[in-house]
Amino acid sequence: MGACLALCSLASCASCLCGSAPCLLCGCCPSSNNSTVTRLVFSFFLLLGTLVSVIMILPGMETELRKIPGFCHGGTAIPGVENVANCDVLVGYKSVYRMCFAMTCFFFLFSAIMIGVRSSKDPRAAIQNGFWFFKFLILVGITVGAFFIPDGTFHTVWFYFGVVGSFIFILIQLILLIDFAHSWNKVWVENAENSDNKCWFAGLLTFTFLHYALAITAVVLFYIYYTQSDDCTEHKVFISLNLIFCVIISIVSILPKIQEAQPHSGLLQASLISLYTMYVTWSAMTNNPNRKCNPSLLGLVSNVSTTEPSGDSTPGQVQWWDAQGIVGLVIFLFCTLYASIRSSSNTQVNKLMQTEEGGGSGGEAVVGEDGIRRAVDNEEEGVTYSYSFFHFHLCLASLYIMMTLTNWYKPDTTTQAMQSSMPAVWVKMSSSWLGLGLYLWTLIAPLIFPDRDFS
């Protein structure tokens with residue numbers, strides 16, 4: 001009897017894995033929309049690949065793998081059995097590059113397949129919202145194949161792909177943060193006005209003050225630790241310029257004309273963007289190869305000494321994990337999950353992110369003939385987000401994860417070392433300036449084009 005029940009349960013799970021997305025998660029969120037659940041599952045694939053990459057880059061992984069008999073070249077051997085794996089490839093930056101290469105190819109493939117899907121009636125929508133077991137097999141297959149790519153110039157070439165992709169993804173992160181702050185401010189202001197409860201305004205004021213306090217503190221620390229009186233001119237310029245730009249967007253956001261055109265714009269959004277800009281500035285300065293201008297921070301995962309750089313340190317010795325990398329992962333996780341569940345009313349952001357206003361209406365879960373509860377198909381009349389752009393966003397996120405986990409170090413194929421590089425610094429700073437420009441544009445666009453709808 002128990003075996004029969006187990007077989008029935010297994011058959012039910014198999015139908016979910018080969019069927020649509022909602023039956024995977026409807027037990028936890030039975031009133032969710034088909035579009036939301038699908039995005040969450042794809043985001044889970046990305047987070048799973050990120051977790052594998054994190055495990056492969058943890059200190060000591062190579063040593064542990066070498067203890068497995070017959071596994072690594074140069075490791076413990078079994079008499080008569082040849083070691084079959086190169087642990088230098090399975091761990092460290094090489095494994096991260098290959099894992100993220102596989103995820104990038106996977107999401108790019110689906111981005112190309114889903115171009116032009118307009119509703120769930122399109123046959124390709126069934127591929128988007130179902131067949132999860134086969135999708136997982138495809139991802140695993142690409143990953144396995146990626147580890148057989150010869151070294152050669154692969155890592156150097158893929159580094160530049162990562163730089164370009166990460167540049168675009170940082171801008172997308174900024175757009176998502178702008179949208180989040182806009183929605184946050186709008187909801188809390190409406191709650192305060194409808195309930196006549198001043199606690200909502202107090203909360204907005206508190207978070208605005210907190211964001212600005214953290215940003216100002218960061219600027220002070222940057223001047224103290226990342227500049228020298230006779231050196232680090234680039235850092236002085238970076239910090240000063242971004243400080244001036246943050247002051248400008250803060251002032252512009254509360255100008256009477258801006259408030260009249262956009263009643264929900266304010267200092268909360270400007271403060272959050274300012275804080276994020278300071279993070280990007282910090283992240284850029286930590287990639288400066290000049291150690292006088294880039295003091296190492298205490299590694300939160302590794303045990304590398306970070307007090308003073310020693311003059312006789314080997315060029316191949318790098319610190320994989322540092323504070324800015326971990327902060328970057330936290331922001332990445334937030335933006336990825338927010339992109340999966342967001343339902344924005346901001347017209348400008350919806351146009352940039354290729355989504356529809358409101359994200360579709362919710363409803364009660366539907367119970368199928370097989371007894372499985374499925375979420376609502378809210379895309380029969382039209383998709384609530386661009387399938388192709390969503391996968392392209394995850395494709396860029398894979399490249400960003402690759403660069404973040406490897407600290408944006410550039411692989412040197414001649415010395416087999418990982419080195420900081422100035423291109424990474426300029427890419428991050430350029431993305432921060434372009435991001436500030438985008439936010440400024442969202443503020444002044446309604447004044448320049450009064451006949452267009454920017455609500």
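At a glance:
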| read-out | value |
| --- | --- |
| Tabulated pairs, the range 158-177, first more than 29 Å from PHE147 (Cβ to Cβ), second outside any helix (DSSP H, G or I), C-beta under 8 angstrom, 6+ apart or interchain | LEU176/ARG342 |
| From the options ILE239, ILE254, ILE273, ILE224, residue that is open to solvent by 70 Å² or more (accessible area, probe 1.4 Å) and closer than 24 Å to LYS428 by Cα | ILE224 |
| Conditions (1) part of a helix (DSSP H, G or I); (2) surrounded by fewer than 14 Cβ atoms within 10 Å (Cβ to Cβ): number failed by ASN197 | (1) |
| So PHE222, is it within 30 Å of PHE389 (Cβ to Cβ) and either modelled with pLDDT of 80 or more or among the polar types (S, T, N, Q) (or both) | no |
| Helices (runs of 4 or more DSSP H) (entirely within the range 74-154) containing at least 3 residues that are at pLDDT below 85 | 87-90, 93-113, 123-129 |
| Close pairs (8 angstrom Cβ cut-off, 6 or more residues apart or separate chains): closer than 25 Å to ILE115 by Cα in the range 390-409, among the charged types (D, E, K, R) anywhere | PHE390/ARG39 |
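The values are calculated or read from the model by the stated rules, or taken from the named source; none is laboratory data. All values reported here derive from a predicted model rather than from experimental measurement. As a convention, Cβ positions derive from the backbone with ideal geometry for all residues, glycine included, and neighbour counts pool all protein chains shown. Areas reflect the complete protein model, heavy atoms only, side chains present, ligands, DNA and RNA absent. Shrake-Rupley method; radii C 1.70, N 1.55, O 1.52, S 1.80 Å.
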